[in-house]
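K.L.:
Take this structure, written in structure tokens, and hold onto it; I'll ask about it next.
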Amino acid sequence: MTVNVLGLVVMAGFYVVILGTGIWASMRSRKEEKKWTGDGMEITLLAGRNINLLVGIFTLTATWVGGGFILGIAEATYNPTLGAVWALMPVPYVLTFFLGGFFFAKPMRENNYVTMMDPFQKKYGNFMSSALIFPALVADVLWVARTLVSLGGTMSVILDLPYIYSIIISSVVAIIYTLLGGLYSVAYTDVIQLILIFISLWVCVPFMMTNPHSLDISLTAYNETFQAPWVGTVELDEAGKWFDDFMLLALGGLAYQAFYQRILSASSYTQAQVTCFASSAFCLVLGIPSVLIGAVAASTDWNSTAYGLPTPYDRKEAGSILPIALQYLTPTYISVVGIGAVAAAVMSSMDSALLSSASLFSSNIYKNILRKQASDREMQWVIRISVVVVGLAGTALTFLDNSVLVFWIVGVDMSYTIMFPQLVCVLFFKVSNGYGAIIGYTIGLVTRILSGEPLLGLPPIIKFPGCRLDDEGKLTQFFPFRTVIMLMSLLSILLFSWLASIIFNKGLVSDKWDVFDAKRKYKPAATAENIKVSPTSEGAPASKQLLDTTSC
């Protein structure tokens with residue numbers, strides 16, 4: 001095996017730049033820590049709630065535009081059984097950010113929460129919130145795995161570097177700079193990474209579209225005589241599955257801690273809203289190159305290339321179609337540029353997942369349950385250890401499966417069917433309580449498992465209407481069953497919460513059996529409107545005054 005020396009040099013340079021940026025950001029973080037008079041965790045996890053607007057936009061966009069985003073879109077567009085119409089990521093993400101900005105940003109930011117799980121812990125107590133943290137942590141570990149899989153496959157194709165080396169090197173670099181400076185390091189490296197993603201992908205597109213081995217994609221968009229039209233179609237009997245996938249991606253992202261980490265790091269609710277709306281536009285633009293690359297790959301006569309026959313799809317390498325297309329349809333120096341885009345995308349998502357999971361464990365489990373009197377120094381070590389553990393767990397999973405879409409779907413699936421209805425109820429329905437939450441959680445989890453998952457080889461026990469064999473001979477649900485499960489979970493939470501409150505408030509059952517405190521009235525955390533301040537503070541807490549004198 002001959003290693004691509006030029007590619008290795010370029011990648012080494014990229015990693016040096018990222019590490020350098022992370023080190024610089026960590027030094028900035030330490031300077032802010034010296035000025036900070038509040039909770040030290042807010043500097044590490046939320047950058048002191050004073051992240052610069054432009055940096056906030058870049059880091060939120062970079063978090064969503066990861067390796068799975070870039071490779072997954074190209075894979076779906078190229079796949080002759082799917083097509084671009086099934087490359088759903090960019091459009092649902094617009095809905096994610098708009099819903100997040102309009103509805104979720106305000107209650108989360110104005111209550112000054114530290115993590116997504118804070119409202120659960122405040123309303124339901126430690127037991128139920130701990131149970132809900134589990135699927136959120138699993139989703140983050142799967143997120144780490146899918147980002148590393150996308151980079152490992154790309155580097156092994158273009159650089160001829162062994163898969164295991166690609167995974168380990170990338171994992172170590174991301175863990176190191178996340179350890180160094182927390183959200184400061186993650187956010188500022190995201191700026192560099194997003195710029196590199198944008199430039200690299202758009203540099204590759206002209207070379208890809210003018211290569212001599214492919215037909216004009218406008219001619220093959222709907223032409224069924226040439227392989228399969230890359231635009232794709234949604235048949236009537238597949239509409240339920242398409243809708244289900246769309247809603248999964250649109251609403252599942254609203255139950256990720258990484259999303260709220262950016263919301264909560266903004267200096268105000270208004271800034272959080274602007275960050276969401278601007279990021280939605282960036283996601284759309286950054287999805288276009290992957291669609292074009294997938295379309296070119298679908299329009300290519302692979303027999304005329306060095307790759308030869310059978311095609312990537314026939315070799316079951318559709319998941320690596322983007323690096324394969326870069327390798328065989330562009331000059332060497334351009335393919336190296338392309339791998340830079342994938343590497344940047346992977347790093348920008350992986351560091352977010354690492355810090356997200358570290359935030360949940362350190363703040364909601366260690367600080368609030370295990371060691372309430374833990375010092376800032378102790379918490380810094382807990383965060384660092386959490387980052388390393390999650391990084392190692394995600395890295396280990398990459399050797400179990402090499403499909404980006406498997407980790408993508410399973411991770412978002414848990415967020416959509418289990419966490420999203422829980423978050424909606426705890427934020428917007430005062431009637432919700434621990435009884436409803438635990439029943440909704442159980443119904444969502446059990447029903448989802450019994451509904452099966454062909455990507456994991458899990459056969460369906462519950463067969464919804466339209467359940468049948470897919471093109472690969474796997475029994476698949478073509479009904480929007482995940483959306484139904486999500487709604488079942490949400491309604492169960494509300495119904496059983498209401499019943500529990502009736503039972504205890506009417507005295508039908510003794511209060512001593514009210515283990516989830518259904519009678520307790522929910523009191524939201526202090527907001528800017530109800531905090532008592534001195535006349536000289538001009539309506540802002542002391543910590544906020546300090547932040548206003550600094551700039552990110």
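K.L.:
Got a sec to turn the phi values of the range 87-101 into Karplus ³J(HN,Hα) couplings, 6.51 cos²θ - 1.76 cosθ + 1.60 with θ = phi - 60°, whole Hz, x for Gly and Pro?
P.N.:
7, 7, 3, x, 5, x, 5, 4, 5, 4, 5, 5, 5, x, x
K.L.:
Once R0 is set to 25 Å, what does the formula 1/(1 + (r/R0)^6) return for the Cβ-Cβ distance between Lys316 and Tyr165, expressed as a FRET efficiency to the nearest 0.05?
P.N.:
On the way: r = 23 Å, r/R0 = 0.91.
With R0 = 25 Å, the Cβ-Cβ based efficiency is 0.65.
K.L.:
Continuing with the same structure: Lys and Arg at +1, Asp and Glu at -1: add these up for the other residues within a Cβ distance under 13 Å of Met247 and post the number. Let's see the in-between values first.
P.N.:
Details: positive: Lys241, Arg482; negative: Asp244, Asp245, Asp413.
Net charge around Met247: -1.
K.L.:
May I ask you to compute the full-extension gain from Leu508 to Trp381, defined as 0.36 nm times their residue separation minus their alpha-carbon distance, rounded to one decimal in nm? The partial results should precede the final answer.
P.N.:
Working: separation 127, 0.36 × 127 = 45.72 nm, distance 4.80 nm.
This chain segment gains 40.9 nm when fully extended.
K.L.:
Residue by residue through the range 268-275, what is 3J(HN,Hα) from phi via Karplus (6.51 cos²θ - 1.76 cosθ + 1.60, θ = phi - 60°)? Round to whole Hz and write x for glycine and proline.
P.N.:
My calculation for the range 268-275 gives 7, 4, 4, 5, 4, 4, 4, 4 Hz in order.
K.L.:
Let me ask something else about it. Only counting other Cβ atoms within 10 Å, I'd like Arg30, Arg109 sorted with the fewest neighbours first.
P.N.:
Details: Arg30 13, Arg109 24.
Ascending Cβ contact count within 10 Å gives the list Arg30, Arg109.
K.L.:
Tell me, what is the percent relative contact order of the range 369-514, built from C-alpha pairs under 8 Å that lie six or more residues apart? Walk me through the numbers on the way to the answer.
P.N.:
Details: 134 pairs, mean separation 36.8, N = 146.
Relative contact order here is 25 percent.
K.L.:
Sticking with this one: Of Met419, Met108, how do they rank once you tally other Cβ atoms within 10 Å and put the fewest first? Please list the in-between numbers first.
P.N.:
On the way: Met419 27, Met108 23.
In increasing order of surrounding Cβ atoms, one gets Met108, Met419.
K.L.:
On to the next question. Among His213, Ile18, Asn50, which residue has its Cα positioned farthest towards the positive end of the charge dipole of the range 5-419, with +1 placed on the Cβ of Lys and Arg, -1 on the Cβ of Asp and Glu, and the dipole taken about the Cα centre?
P.N.:
Towards the positive end, the residue furthest out is Asn50.
K.L.:
Let me ask another. With Cβ to Cβ distances under 12 Å as the rule, what net charge do the other residues near Arg482 carry (K, R +1; D, E -1)?
P.N.:
Values: positive: Lys241, Arg448; negative: Asp244, Asp245, Asp413, Glu453.
Summing Lys and Arg as +1 and Asp and Glu as -1 gives -2.
K.L.:
Pull up all non-local amide H partners of Glu453: gap of 5 or more, or a different chain, and H-to-H distance under 5 Å with H placed in the peptide plane.
P.N.:
Leu458
K.L.:
Using DSSP to call loops (not H, G, I, E or B), can you name the GluC sites (Glu not before Pro) in the range 7-98 whose Cβ has at most 12 other Cβ atoms within 10 angstrom? Provide the component values of the computation, followed by the final result.
P.N.:
Details: sites: Glu32, Glu33, Glu42, Glu75; in loops: none.
Loop-located and lightly packed - none at all.
K.L.:
Please report how far the C-alpha centroid of the range 290-307 lies from that of the range 460-515, rounded to the nearest whole angstrom.
P.N.:
Using only Cα atoms to place each centre, the spacing works out to 44 Å.
K.L.:
Moving on. What is the local net charge at Leu264, summed over the other residues whose Cβ is closer than 10 Å to its Cβ (Lys, Arg +1; Asp, Glu -1)?
P.N.:
Around Leu264, the surrounding residues sum to +1.
K.L.:
By average Cβ neighbour count within 10 Å, what is the ranking of 57-69, 185-197, 121-133, 298-310 from highest down? Intermediate values should be presented prior to the final figure.
P.N.:
Values: 57-69: 28.2, 185-197: 25.3, 121-133: 19.9, 298-310: 16.7.
Those peptides, ordered most packed to least, come out 57-69, 185-197, 121-133, 298-310.
K.L.:
About its Cα centre, how strong a charge dipole does the range 5-419 have in debye, to the nearest 20, once Lys and Arg get +1 and Asp and Glu get -1 at the Cβ?
P.N.:
On the way: 20 positive and 25 negative charges, 352 e Å.
Taking the Cα centre of the range 5-419 as origin, the dipole is about 1680 debye.
K.L.:
Filter Lys31/Lys123; Lys463/Lys519; Lys35/Lys372; Lys35/Lys122; Lys241/Lys367; Lys123/Lys506 down to the pairs with a C-alpha to C-alpha distance above 31 Å, please.
P.N.:
Lys31/Lys123; Lys463/Lys519; Lys241/Lys367
K.L.:
While we're on this one: Calculated from the structure, Rg and Dmax of the Cα atoms in Å equals which of (1) 25.3, 87; (2) 23.9, 79; (3) 30.4, 100?
P.N.:
Step by step, Rg and Dmax of the Cα atoms in Å for this structure corresponds to label (2).
K.L.:
How much mean residue ellipticity at 222 nm does the chain get from its helices, if each DSSP H run of length 4 or more adds -39500 (n - 2.57) and you divide by all residues, to the nearest 500 deg cm²/dmol?
P.N.:
Values: 21 runs with 349 residues, N = 552.
The helix contribution divided over the chain gives -21000 deg cm²/dmol.
K.L.:
Over the chain, calculate the relative contact order: mean separation of alpha carbon pairs under 8 Å at least 6 apart, over the residue count, as a percent.
P.N.:
Working: 948 pairs, mean separation 146.9, N = 552.
Worked out over the chain, it gives 27 percent.
K.L.:
Could you calculate the FRET efficiency of Ala306 with Ala12 from 1/(1 + (r/R0)^6), where r is the beta carbon distance between them and R0 is 22 Å, rounded to 0.05? List each step's numbers first, then the result.
P.N.:
Values: r = 26 Å, r/R0 = 1.19.
Efficiency at R0 = 22 Å is approximately 0.25.
Every number in this text was worked out from the coordinates using simple rules, so none of it is lab data. Please read these numbers as outputs of a predicted model, since none were measured by experiment. Glycine gets a Cβ as well: all are built from the backbone with ideal geometry, and neighbour counts include every protein chain shown.
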